[in-house]
């Protein structure tokens, strides 16, 4: 039936024409009949018309069958509202702007929340993908997976449909117009099919290409393919020289392919040799897919079952016994892949969203106030319409339609603002925001914005409706709308609104104040590096094809260091395998064996960070040497068994730094002991908000480390201290210096330590900025609210003011009256706000550092700020009132 | 008669007339209905047209343009299968209503009480 009506609506004009035709035919036929019965032409016509009935009525009844009445009334009301809004453009504009800001901000942050927290990962059936990590009995740390576990899980699992390992490495691509350092993703051959994404061009890896000594194949990502090959489809089959070896390009991934948050240019296979796999080597992150119907708990139990099998199946590495692995067997730590990727950023995002939601409430209160004022002005109009018979429901309906319309228009403009705002967030937001590439304004966000606009419109629209749609207002016609009870009621409504605004603004201010204190506290933490802005960093990887010998690698690296140190303005240069404050540094923490330390059976050794460094690193970083000495190049080339530890590690094992000197440590029971020759100050390498990591430093060139006869680190971060760090000219000089040694060495991740430092604080600074903006805007809106209320009160009482002044009262006395009114409002709001803040700051306690969530200083200062602004807001209208000539006030008030 | 009731009954009359007479145009339908009602129905013939539109929207009849006996272009209406089924349903419903009211309105026969 409805469908039929809808269809008629669309064909309205044709149906009307057809009806006219039919009626004409009917009339003619009736007329013919009457004439056949003997009536004259004139009379026949009249009789026919009588028989047919009023054509007008019929046509109208016919038309009533078209369309859907509700929709038509709605459409009419919308047109009417638009007209009436156009008559008061000032108020309409103010409302729309306020709403656009409030709704737009919320739409933007929702887009972020949706993209990061809510949307599933961009893989088919992403819900069944899990991250496979492990724990070790005795420590709370988390370990990735290992090859021996991977092979066992693949072969024995009952709950996993597939499992794969991955790791990212820098790689040098040569043979094109210029050498380039790229991000290579290494995978086991089954990982891409497991994820479910097929290459758009070419194919995925075959089993042969993942076998040891198998054909060398590489898959490109879309971005890299566009950048380096211009999207040329003939790239399939071409050969790419990667780290000196030829790889055949076999495929290109689709544009939407994102591998978690890793920036990936090329994909290669590990080519593990199963016959060489030993126990241990927990350095490979792993992803698995659950079989349909399997749960994570079942998979955990499955893995717990398979671990002992794995330990039996593979040999222990040289120097270890199988019993040791059995005693400290790993335990499963499975989590949905999305959780593993998103981490703890959820806390920040929800806090920001909450703050912006509060801001929207304040904005709505402001708009409600504006609409109340406007409705006041239309009282007469409404009263007349009520007197003429418009039902209360109809008037209320119209007011609501009007406010909802404002809401939707405001929301539409807000969406435009949100689009801009998102660009800003993506550029300046917390730079380690996960899934940054997945934040867009998609249909979900549009729906959210539309819903929010509707709700906001209804919310602030209800107040004028409640106050003014009442037919009682017909009485207002008589007394000119100035009945005492009426105005007192209105005043109460507005005062309540303003109090609510002030309270909410105070909550926002307190939250931003707490974030400011947090930021200050974090900034005051001694990072362990001095003047990080003066340290330039660049990652350089010496390719195997150019320099196969590990010791020569170190010589090349030393040559680079020497050239870098020779640049004018450079005080020191060095290199290390880990970039300081790098986001992934904690992933490689491992066990350090200490001579003389006794561990009870079952008690696990703590994990330490290992760094492999050149001499001069500490001087370059500005990390203080607490005891002993730094490494020398002789230590490296003579491969002396030496080590340096951080102060916290020294204190933990031997009580004092001095006591650590001379003590012996090693990375594996099969290695010779190394002597500690130096102790350096702690560095907050994992971020300012975490305790400093205990670090063991080893020379970058060593013999008999981790059972390796000789070992050096091809890919290292070079650090250069100079006041000119970060400038274009300096970076170019760094490039030239490196290329003097080897023209084929690309530099990657070129940034200063200062950038890395700021990045580690970016989550806090981002939240701080958002909250501060929200707090400021809330405060402004609240001030405007107070101003509005006091101005209104003043305008209502001009007669009284005139009388007072005429009777000799001082202007300042009268002013103080009104300012006091304003302060009462503000005080009430502040009290409510403090109560609210005391409750709500609990929600952000995970973001705070170095300050309590009930910090009295923050509460006191923000309240004072609020009262000061409120006083000013109340003072301005009061002052204006008392400047008027009292005679005018008496005459015209 | 109140308008709603008249609407329902008029609809059923139209459907039944179309069933017995086959496809008709508006004028033919009006004539036939008045004939059958034998003067009991006082109907403005124009009111047929909104009713016809309603029936078409419900899917019980369909329309097409054709040529009348007097060689004029006219819109002819005919029953659809759904409409045919609807007649049966409506007729049954009427029977029920009639017999129900009958119980209430029937004077008790002498001897029954």
- Estimated distance in nm for a label pair at residue A:42 and residue A:455, the labels positioned 7 Å out from Cα along Cα-to-Cβ: 7.3
- Message: Take residue A:652 and residue B:44, extend 7 Å from each Cα along the Cα→Cβ direction, and tell me the distance between the two endpoints in nm.
- Response: 9.6
- How would you classify the stretch A:188-292 from its alpha-carbon gyration tensor, with a ≥ b ≥ c the square roots of the eigenvalues: rounded for a/c under 1.5, else prolate if a/b is greater than b/c, otherwise oblate? oblate
- Message: Students often get this wrong: which residues of the stretch A:255-277 have the backbone nitrogen under 14 Å from the point 7 angstrom along Cα-to-C-beta of residue A:341?
- Response: A:256-264
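Given Cα pairs under 8 Å that are at least 6 residues apart, what percent is the relative contact order of chain A?
That works out to 15 percent.
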- Task: May I ask for the angle, rounded to the nearest 10°, between helix B:3-21 and the longest principal axis of chain B, with both axes built from Cα atoms and the value confined to 0 to 90°?
- Result: 60
- Message: For chain A, take the longest principal axis of its alpha carbons; what is the angle in degrees between that and the long axis of helix A:753-796, to the nearest 10 within 0 to 90?
- Response: 20
- Between residue A:780 and residue A:533, Cβ-based FRET efficiency (R0 30 Å, step 0.05) works out to 0.30
- Query: Any idea how far apart residue A:838 and residue A:749 come out in nm if each label point goes 7 Å out from Cα toward Cβ?
  - Reply: 4.8
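Above 23 angstrom, tally the Cα pairs of the stretch A:707-799 and express them as a % of all pairs, no decimals.
Cα-Cα pairs of the stretch A:707-799 separated by over 23 Å account for 61 percent.
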- Cα gyration tensor of the stretch A:604-727 - equivalent ellipsoid semi-axes, whole Å, descending: 22, 19, 14
- With eigenvalues of the C-alpha gyration tensor scaled by 5 and rooted, the stretch A:18-164, Å: 79, 31, 9
- Item | Whole-angstrom gap from the stretch B:52-75 to the stretch A:716-772, using each part's C-alpha centre | 82
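Classify the stretch A:1-58 as rounded, prolate or oblate from the Cα gyration tensor: take a ≥ b ≥ c as the square roots of its eigenvalues, call it rounded if a/c is under 1.5, otherwise prolate when a/b beats b/c and oblate if not.
Cα axes put the stretch A:1-58 in the prolate bin.
Taking Rh as the Kirkwood radius computed over C-alpha pairs, what is the Stokes-Einstein D of the stretch A:673-719 at 10 °C in a medium of viscosity 1.306 mPa s, expressed in µm² per second?
Approximately 120 µm²/s, per Stokes-Einstein.
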- Of the listed peptides A:76-82, B:75-81, what is their order by residue-averaged count of other C-beta atoms within 10 Å, with the highest listed first? B:75-81, A:76-82
- Theoretical FRET efficiency, 1/(1+(r/R0)^6), r = Cβ-Cβ of residue A:634 and residue A:820, R0 56 Å, to 0.05: 0.10
- Whole-number D in µm² s⁻¹ for the stretch A:589-655, Kirkwood Cα-pair radius fed into Stokes-Einstein, 25 °C, 0.890 mPa s: 176
- Message: Between helix A:443-468 and chain A, what is the angle of the helix's C-alpha long axis to the longest principal axis, kept within 0 to 90° and rounded to the nearest 10?
- Response: 40
- Message: Using alpha carbons only, how many angstrom separate the centre of the stretch A:56-116 from the centre of the stretch A:241-255?
- Response: 55
- Query: Ratio of the stretch A:237-346's C-alpha Rg to 2.2 N^0.38 Å, to two decimals?
  - Reply: 1.41
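Kirkwood hydrodynamic radius, the stretch A:114-192, all distinct C-alpha pairs: what's the number in Å?
Every distinct Cα pair counted, the radius reaches 15.8 Å.
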- Query: If you project the alpha carbons of the stretch A:50-131 onto the principal axes, what extent comes out on each, in Å, largest first?
  - Reply: 84, 44, 12
- Note on the structure: Computed from the beta carbon distance with a Förster radius of 60 Å, FRET efficiency for residue A:809 and residue B:103 to the nearest 0.05 stands at 0.10
- Query: In whole Å, what is the distance between the alpha-carbon centres of the stretch A:367-392 and the stretch A:507-585?
  - Reply: 67
- Message: Please compute the alpha carbon radius of gyration of the stretch B:1-93, then divide it by the globular-protein estimate 2.2 N^0.38 Å. Two decimals is fine.
- Response: 1.04
- Message: How long are the semi-axes of the equivalent ellipsoid of the stretch A:295-390, taking √(5λ) for every eigenvalue λ of the Cα gyration tensor, in whole Å from largest down?
- Response: 72, 16, 7
- Considering the convex hull of the alpha carbon atoms of the stretch A:386-456, report its projected area averaged over all viewing directions, in nm², one decimal. 6.0
- Query: Along each of its three principal axes, how wide is the spread of alpha-carbon positions in the protein assembly as shown, in whole angstrom units, largest first?
  - Reply: 134, 93, 72
- Pop out the Kirkwood hydrodynamic radius of the stretch A:307-452 from its pairwise C-alpha distances, inverse of mean 1/r, in Å to one decimal. 21.5
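Over 22 Å, how big is the tail of the calculated P(r) for the stretch A:132-269, in percent of all Cα pairs?
Within the stretch A:132-269, distances greater than 22 Å cover 41 percent of Cα pairs.
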- Pull out the extension gain between residue A:462 and residue A:710, defined as 0.36 nm times the separation in residues minus the alpha carbon to alpha carbon distance; nm, one decimal. 81.5 nm
- Rounded to the nearest 5, the percent of antiparallel DSSP beta bridges in the protein assembly as shown equals 80
- Message: What does the C-alpha gyration tensor say about the overall shape of the stretch A:512-629? Classify as rounded when a/c is under 1.5, otherwise prolate if a/b is larger than b/c, or oblate.
- Response: oblate
- What residues from the stretch A:693-721 fall in the zone where the backbone N is under 16 Å from a label point 7 Å along the Cα-to-C-beta line of residue A:555? A:701-702, A:711-713
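Bear in mind that the values in this text are calculations on the coordinates, not laboratory data. Fair warning: this is a prediction, and the values are worked out from it, not measured in the lab. In this analysis, Cβ positions are derived from the backbone assuming ideal geometry, glycine residues included, and neighbour counts consider all displayed protein chains.
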